[in-house]
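Step one of this worksheet: look at the structure below.
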Amino acid sequence: MPVSLTAKDVMDSKVVIIDGSLSVQDAIQEMVSSDAWSIIVEKEGLPMGVVTDRDIFRRCLGKSFDPTKLKIQDIMTSPIISVGPGEKLGAIMDIMVQKNIRRVFVVESGKIVGKITQTKLFDDTIAVMESLSSLRYQM
């Protein structure tokens, strides 16, 4: 019998969303206070992109821009790569590999309801494999 986990089974429902007109410094403070490594950037209530801690280092600090003056929307990655809640983990892994990304966002009824990171996906996959390997089949 095949075992199939979906995005909804493994997603983290904690998603931080900020307005794109805020400064990179404001975004950093929000990321720290929320203990988040990525944030969704919205404009006029619509999700427009994503910013990660890595983006902040590479696109702001690494280029000596002032994080108090640079807007977060100026360093976001767009479009947001998303999957539906029923997407199977294998397909999500394929998307991550093909697009060379570390996270996807789960969208249901037009709203972002969660995220799946590469690390979490790997951890969950290993946990499932360990659980399955401990099962004993009786004939």
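The values are calculated or read from the model by the stated rules, or taken from the named source; none is laboratory data. Remember, it's a predicted structure, so these values are computed and weren't measured experimentally. As a convention, Cβ positions derive from the backbone with ideal geometry for all residues, glycine included, and neighbour counts pool all protein chains shown.
May I ask you to list the residues in region 109-139 that are of a type in the set (Asp, Glu) and surrounded by 15 or more Cβ atoms within 10 Å (Cβ to Cβ)?
Once the filter is applied, which keeps residues that are of a type in the set (Asp, Glu) and surrounded by 15 or more Cβ atoms within 10 Å (Cβ to Cβ), region 109-139 yields only ASP124.
What single numbered condition from (1) within 17 Å of the chain's Cα centre (by Cα); (2) at pLDDT below 95 fails to hold for SER34?
Only one criterion is unmet by SER34, namely (2).
Starting from region 91-104, take each residue that is touching a residue at least 40 places away in the same chain (Cβ under 8 Å) and list its partners that are basic (Lys, Arg), counting only C-beta distances under 6 angstrom and pairs at least six apart or across chains.
Listed pairs, sorted by first residue: ARG103/LYS115.
Sort out which residues of region 15-55 are in contact (Cβ under 8 Å) with a residue 24 or more places away in the chain and assigned to a loop (DSSP other than H, G, I, E, B), and write them in order of number.
If the condition is that a residue be in contact (Cβ under 8 Å) with a residue 24 or more places away in the chain and assigned to a loop (DSSP other than H, G, I, E, B), then VAL15, VAL16, GLY20, SER21, LEU22, TRP37 are the ones that fit.
Given the conditions (1) charged (D, E, K, R); (2) within 11 Å of the chain's Cα centre (by Cα); (3) at pLDDT 95 or above, which single one is not true for ASP74?
It fails just one condition, (2).
I need the full set of residues from region 83-99 which are of a type outside the set (D, E, K, R), farther than 13 Å from GLN118 by Cα and crowded, with 16+ Cβ neighbours inside 10 Å, in order please.
Within region 83-99, just VAL83 meets the criteria.
It is to be established whether one or more residues within region 54-73 are closer than 14 Å to VAL10 by Cα, surrounded by 15 or more Cβ atoms within 10 Å (Cβ to Cβ) and out of contact with any Phe, Trp or Tyr (no Cβ under 7 Å at 6 or more places or on another chain).
So in region 54-73, the residues closer than 14 Å to VAL10 by Cα come out as none.
No, the conditions are met nowhere in region 54-73.
Test ILE80 against the stated conditions and say whether it is part of a loop (DSSP other than H, G, I, E, B), surrounded by 15 or more Cβ atoms within 10 Å (Cβ to Cβ), of a type in the set (A, V, I, L, M) and in contact (Cβ under 8 Å) with a residue 40 or more places away in the chain.
Spelling it out, ILE80 is indeed part of a loop (DSSP other than H, G, I, E, B), surrounded by 15 or more Cβ atoms within 10 Å (Cβ to Cβ), of a type in the set (A, V, I, L, M) and in contact (Cβ under 8 Å) with a residue 40 or more places away in the chain.
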